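Structure record follows, encoded as structure tokens.
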Amino acid sequence: MMDDDDLSRLGRTKAPTPSRAARERALSAALEAFDEKKSGAPQGTRRGVRLTDKAITLWRSLMSRKLIANPAMAALIALPIAGYSAFYLMQTSPLTQGLDTGGPGRVAAPGDVAKPKTAPQAEARKEVDRSVSIQESEAAPPPVAGQPMAAAKPAESMSDLGGSATRQAMPNRAAAPLAAQERLIAPPSPDADAFIGQQPNTERLTEFDTNPVKSALESPVSTFSIDVDTASYAFVRRSLKEGMLPQADTVRVEEMVNYFPYDWAGPADRAEPFKSTVTVMPSPWNAGTKLMHIAIKGYEVQQAQKPKANLVFLIDVSGSMDAPDKLPLLKSSFRMLVDRLAADDTVSIVTYAGNAGTVLEPTKASDKAKILAAIDNLWPGGSTAGEAGLREAYRLAQSSFVKGGVNRVMLATDGDFNVGQTDDDDLKRLIEEKRESGVFLSVLGFGRGNLNDRMMQEIAQNGNGQAAYIDTLAEAEKALVEEASSTLFPIAKDVKLQVEFNPQQIAEYRLIGYETRALNREDFNDDRVDAGEIGSGHSVTAIYEITPKGSPAQQIDDLRYGQAKTDNAAGIANASEYAFVKIRYKLPDGDVSKLITTPVTSANEVASFDAASADQRFSVAVAAFGQKLRGTSQVADYGYDRISEIAAAARGADTFGYRAEFLSLVRLASALDGRR
């Protein structure tokens, strides 16, 4: 046994120079351990292929065979092994990902200058490059006839690997191993539709002012297009759940109100596609005003009556769609919709990135496996040639047009059309031209950061369709599964609503929401003017805040010279009416509109707010919440706690939990809003 003196002498002893043969044996063993090309399995999937395992095995072999005469020689022989092991660990450790190590796995930042590699690094990189080339040639699928070249399926996104950067999509390339990510991730070019790191918010919104209070004497008529879009509610929910109050222009009160299903009374048969119910009740936020609540319910088409559907999925597969809440969520959403289709329905798929192409020709829904395989095979890459995609989608819809059926393009995207015709007005004209063919258009928005809400609203409104925002799989299920009938099967188009207020009874009025749907008075009777679409079973709600004549809440002074003219009600027809509601619509395949009218009198009034139905009270709570988020002055002093009280009392059965979620959003907003 060695004592302390022996160890001290050994420490002062100079290690003998190793022989040439010993050096060659050690170097050969180390290089054999470093070279992993002999294993076809990915690193970490089989014992014995990792460098650290081989180093340990080599060390045991050297020691067990007594190839080294003394410990000093052992230390010398171990140096090459330790060096290569350290090099490997530094280049592949997750702890060094994104650090400036100069090795594989590093995420390049904009403005970085490539550093010269040492000879061992260069040789190792050559081996990695050769390995990547082989994997790419093996992984890239062969082109399919009639399909555009699309990006190959990535093994995993950078977000899956825990990186902070989004992988730049590269068409026609298979994802490389993590060690080769430095070659794949590069600073974006100006025209690249990719994002690296934290990107600025470039969402485009429609700016609008809240509807003002109007004098019933000066402007007795209010006209607007019916709206059944629901995108705004999902925008608001996303913001609040991320700890932020929503931007005012993302809050469209009517879309929040119409997000919820209500049990309004519907028509008895399809001859009259919908029925309206008008109720007047005291306003909960202003004792001097009342609310005129207009509830419209569309006829619900029964399963046996549903027409055949000819659907074209127009899917954005540009590089910016490479995020978990974009293309992956989109694919899952469309899979759920396909499951709801009848066997005779038809599905086509068009994609657009750098250019547009047909992925799936019109295919019967009975061949579900083929449709789902086409959806699963979509991967992002390229810029956004949306205009070309729209034209191709309409062409396919026309080629398999179902007379008397549902012919619809369903556009799913996250942002702008940045290739080809990109101006919103030009796109609007294109959509207007195509809708005359009987093909409708709906828009589904995904993701965040570059969402073009303005474009979505424009083309959905002009395409006789709806705009929805899908932020979760649950929202996709609501929009495309639970409400599939109302989403896909229209019962009326160009639906307009006009209300004439009687200045003998009503001094002022204010329409809550529908700012972006306003129409001119003369547009109501002009069948050339486009308006909203109502689907099977759709519920639509419009709420006016009205000020009775003589109420202390009146904000606008009476006209000096108009007053005497209207003081004497004698000879004025229908002087006791509060208002007159008119609805104009066309059947889905019609060109001439029809009219439904409803006079509003004291018979429509309830004595107290609590006397209104639960659905009416809940919809008013949602309207109050939307106004509160927009900063509307009329509800400035109305607290979130009161909104919660009304909503909780009117929650009802809440089968799908939508109303419970609303209550949680009100609480979140209350916590975030210092004004309360």
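The values are calculated or read from the model by the stated rules, or taken from the named source; none is laboratory data. Because the structure is a prediction, the values reported are computed rather than measured. Here Cβ is always computed from backbone atoms with ideal geometry, including for glycine, and neighbour counts include all displayed protein chains. Surface areas here come from the heavy atoms of the whole protein model, side chains and all, with no ligands, DNA or RNA. Shrake-Rupley method; radii C 1.70, N 1.55, O 1.52, S 1.80 Å.
Data for the structure
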{"read-out": "Residue check, residue 517 touching a helix residue (DSSP H, G or I) at 6+ places or on another chain (Cβ under 8 Å) and either within 22 Å of residue 238 (Cα to Cα) or acidic (Asp, Glu) (or both)", "value": "no"}
{"read-out": "So residue 343, is it at negative phi, surrounded by fewer than 17 Cβ atoms within 10 Å (Cβ to Cβ) and among the hydrophobic types (A, V, I, L, M, F, W, C)", "value": "yes"}
{"read-out": "Candidate set: region 393-435, residues that are under 11 Å from residue 463 (Cβ atoms) and open to solvent by 10 Å² or more (accessible area, probe 1.4 Å); chosen: the one modelled with the lowest pLDDT", "value": "428"}
{"read-out": "Answer from 337, 311 - the residue that is under 17 Å from the mean Cα position of the chain (by Cα) and touching a residue at least 40 places away in the same chain (Cβ under 8 Å)", "value": "337"}
{"read-out": "Residue check, residue 343 among the hydrophobic types (A, V, I, L, M, F, W, C) and under 20 Å from residue 476 (Cβ atoms)", "value": "no"}
{"read-out": "Filtered residues of region 346-382 (kept if open to solvent by less than 30 Å² (accessible area, probe 1.4 Å) and of a type in the set (Ser, Thr, Tyr))", "value": "346, 348, 351, 352, 358, 363"}
{"read-out": "Count of region 541-555 residues which are part of a loop (DSSP other than H, G, I, E, B) and in contact with a helix residue (DSSP H, G or I) (Cβ under 7 Å, 6 or more places away or on another chain)", "value": "0"}
{"read-out": "Residue satisfying all of: in region 489-518; under 27 Å from residue 309 (Cβ atoms), among the hydrophobic types (A, V, I, L, M, F, W, C) and touching a Ser or Thr at 6+ places or on another chain (Cβ under 8 Å); modelled with the highest pLDDT among these", "value": "495"}
{"read-out": "Considering residues of region 519-539 that are outside any loop (DSSP other than H, G, I, E, B) and at pLDDT below 95 only, the residue farthest from residue 440 (Cα to Cα)", "value": "539"}
{"read-out": "Residue in region 600-613 that is in contact (Cβ under 8 Å) with a residue 24 or more places away in the chain, in a helix (DSSP H, G or I), touching a strand residue (DSSP E or B) at 6+ places or on another chain (Cβ under 9 Å) and loosely packed, with under 13 Cβ neighbours inside 10 Å present", "value": "yes"}
{"read-out": "Residue ranges of strands (runs of 3 or more DSSP E) in region 301-389 with at least 3 members out of contact with any strand residue (DSSP E or B) (no Cβ under 9 Å at 6 or more places or on another chain) and not hydrophobic (A, V, I, L, M, F, W, C)", "value": "none"}
{"read-out": "Residue within region 469-485 that is in contact with a Ser or Thr (Cβ under 9 Å, 6 or more places away or on another chain), within 23 Å of residue 294 (Cβ to Cβ) and open to solvent by less than 20 Å² (accessible area, probe 1.4 Å) present", "value": "no"}
{"read-out": "Selection from region 505-517 of residues that are open to solvent by 40 Å² or more (accessible area, probe 1.4 Å) and under 26 Å from the mean Cα position of the chain (by Cα)", "value": "516"}
{"read-out": "Flag for residue 638 being in a strand (DSSP E or B), open to solvent by less than 30 Å² (accessible area, probe 1.4 Å) and in contact (Cβ under 8 Å) with a residue 60 or more places away in the chain", "value": "no"}
{"read-out": "Pick from region 321-340, criterion open to solvent by less than 10 Å² (accessible area, probe 1.4 Å) and in contact with a Pro (Cβ under 7 Å, 6 or more places away or on another chain), ranking: modelled with the highest pLDDT", "value": "327"}
